[in-house]
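The values are calculated or read from the model by the stated rules, or taken from the named source; none is laboratory data. Given the structure is predicted, the values throughout are model-derived calculations rather than measurements. Counting neighbours? That spans all protein chains shown, and the Cβs are built from the backbone with ideal geometry, glycine included.
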Protein chains: 2
Amino acid sequence: MATQAKATPRERLLEAAATLTYRDGVGIGVEALCRAAGVSKRSMYQLFESKDELLAASLEERASAFAVRLLPAADDDRPPRERILHVFEQAELQAGAPEFRGCRYLAVPIELKDESHSASQVARRVETDLTAFFRAEAGQGGASDPDLLARQLSLIFEGASAIAGIRVDNLAGLIALTVGTLFDSASVC
Amino acid sequence: MATQAKATPRERLLEAAATLTYRDGVGIGVEALCRAAGVSKRSMYQLFESKDELLAASLEERASAFAVRLLPAADDDRPPRERILHVFEQAELQAGAPEFRGCRYLAVPIELKDESHSASQVARRVETDLTAFFRAEAGQGGASDPDLLARQLSLIFEGASAIAGIRVDNLAGLIALTVGTLFDSASVC
């Protein structure tokens with residue numbers, strides 16, 4: 001890729017970690033990561049203390065892109081209901097891609113099976129930030145219980161990522177309708 | 001364990017595969033599996049063609065226990081609404097255990113990242129069977145759209161497994177309420 005030629009070794013390692021762990025899982029070896037990044041193992045260990053640290057940094061580095069791809073723009077002045085639906089529309093669009101394997105912030109902690117791992121902590125923070133967005137919008141929209149609605153929306157978000165990621169459901173006609181039912185129940189406008 | 005002493009090598013391998021992959025992930029090595037089962041690698045390869053086949057067989061072998069632990073008994077004559085809620089109550093109970101890491105039928109395909117893997121296929125069948133249970137009960141309960149409600153319930157089930165498994169939400173006060181809202185919207189009795 002033309003842009004990669006100018007990327008620093010650190011950027012190339014972060015990119016390789018994000019791409020390869022998403023495709024192959026967190027068990028991917030250091031050698032494969034270094035090969036894909038075109039960086040020696042020695043250089044990698046000068047930049048990152050361990051593969052674990054590289055993995056956590058790659059999740060951190062992707063977090064803002066994750067938010068940009070999902071959340072409505074700050075100046076998007078549609079009502080809260082539509083701003084929340086925007087997130088689910090984006091998620092559904094992404095889930096339709098053939099290479100979709102679920103949200104990385106769900107897959108990585110499931111794979112690591114270690115909630116104290118630095119990458120699991122980054123993932124949990126990203127999930128918590130999304131719930132906080134839902135809560136703020138739910139409050140703006142006059143939800144009867146913004147906390148509950150925010151947790152419900154995160155439940156739907158993760159469930160959708162999970163069932164689409166393992167190809168159990170293609171989400172068609174499912175998500176907007178379910179979210180709409182929860183909105184109505186919480187009297188969100 | 002006393003009962004393990006009488007188990008056959010095949011049973012011990014299935015048990016080790018189920019226990020260790022749940023705890024450590026599908027990347028667990030053949031040596032570790034054989035050591036835990038007290039079976040030589042040679043014997044393992046006489047019983048199973050590969051670790052992949054052992055993994056698929058272990059998921060298959062656990063499938064009936066999974067159903068027994070979740071589903072209401074056949075002679076449980078409560079209304080469909082309560083029979084469905086029973087599944088979520090059981091799931092919530094299981095999610096409260098300190099060793100809970102999400103449903104294995106969700107975690108294994110997420111980890112494998114290969115929908116054609118025999119273990120992913122077993123997992124998908126187990127998930128589909130659960131959706132079929134929901135659909136049958138939704139139909140019995142007079143749901144306005146039993147197919148939609150069944151997909152919604154599977155969405156909630158997987159979402160709950162996911163967020164509890166990665167410790168983003170403890171599910172307290174969340175699931176029964178959300179399922180109840182969907183029941184009401186579908187006019188289930």
* What do you reckon, is A:Arg124 assigned by TED's automatic domain parsing to the domain that holds A:His86, among the basic types (Lys, Arg), under 21 Å from B:Gly102 (Cβ atoms) and assigned to a loop (DSSP other than H, G, I, E, B)? -> no
* To do: Under 7 Å between Cβ atoms, at least 6 apart or on separate chains: pull out the pairs that start in segment A:171-189 with a residue that is outside the structural domain of A:Pro80 (by TED's automatic domain parsing) and farther than 14 Å from B:Asp184 by Cβ and end on any residue that is surrounded by fewer than 20 Cβ atoms within 10 Å (Cβ to Cβ) and acidic (Asp, Glu).
  => none
* Asked: So B:Phe134 fits all but one of (1) free of Cβ contacts under 8 Å to residues at least 12 places away in the same chain; (2) closer than 25 Å to B:Phe100 by Cβ; (3) more than 7 Å from every other protein chain (Cβ to nearest Cβ); (4) not basic (Lys, Arg); what number is the exception?
  -> (1)
* Structure fact -> B:Phe183 fails exactly one of (1) within 19 Å of the chain's Cα centre (by Cα); (2) among the aromatic types (Phe, Trp, Tyr); (3) more than 9 Å from every other protein chain (Cβ to nearest Cβ), namely (1)
* Output the residues belonging to segment B:66-90 that are among the small types (Gly, Ala, Ser) and either in contact (Cβ under 8 Å) with a residue 60 or more places away in the chain or not assigned by TED's automatic domain parsing to the domain that holds B:Ala138 (or both). => B:Ala67
* Condition test on B:Glu82, is it of a type in the set (D, E, K, R), more than 15 Å from B:Phe66 (Cβ to Cβ) and more than 7 Å from chain A (Cβ to nearest Cβ)? -> yes
* Asked: Is it true that some residue in segment A:56-69 is of a type in the set (A, V, I, L, M, F, W, C), away from chain B (no Cβ under 14 Å), in a helix (DSSP H, G or I) and crowded, with 20+ Cβ neighbours inside 10 Å?
  -> yes
* Can you spot a residue in segment A:91-105 that is without any contact (Cβ under 8 Å) to a residue 60 or more places away in the chain, within 14 Å of another protein chain (Cβ to nearest Cβ) and either surrounded by 14 or more Cβ atoms within 10 Å (Cβ to Cβ) or within 18 Å of B:Ala107 (Cα to Cα) (or both)? -> yes
* Structure fact -> Per the filter on segment A:149-176, residues more than 7 Å from every other protein chain (Cβ to nearest Cβ), in a helix (DSSP H, G or I) and among the aliphatic types (A, V, I, L, M) are A:Leu149, A:Ala150, A:Leu153, A:Ala164, A:Ile175, A:Ala176
* Could you say whether any residue in segment B:31-51 is touching a residue at least 40 places away in the same chain (Cβ under 8 Å), surrounded by fewer than 20 Cβ atoms within 10 Å (Cβ to Cβ) and not β-branched (Val, Ile, Thr)? -> no
* Is segment A:150-172 home to any residue that is closer than 14 Å to B:Val168 by Cβ, among the acidic types (Asp, Glu) and surrounded by 23 or more Cβ atoms within 10 Å (Cβ to Cβ)? -> yes
* To do: Just give me the residues in segment B:15-54 being within 14 Å of chain A (Cβ to nearest Cβ) and not in a loop (DSSP other than H, G, I, E, B), in sequence order.
  => B:Thr19, B:Leu20, B:Thr21, B:Tyr22, B:Arg23, B:Asp24, B:Ala32, B:Lys51
* To do: For A:Glu111, indicate whether it is facing another protein chain (nearest Cβ under 10 Å) and either over 14 Å from the mean Cα position of the chain (by Cα) or surrounded by fewer than 21 Cβ atoms within 10 Å (Cβ to Cβ) (or both).
  => yes
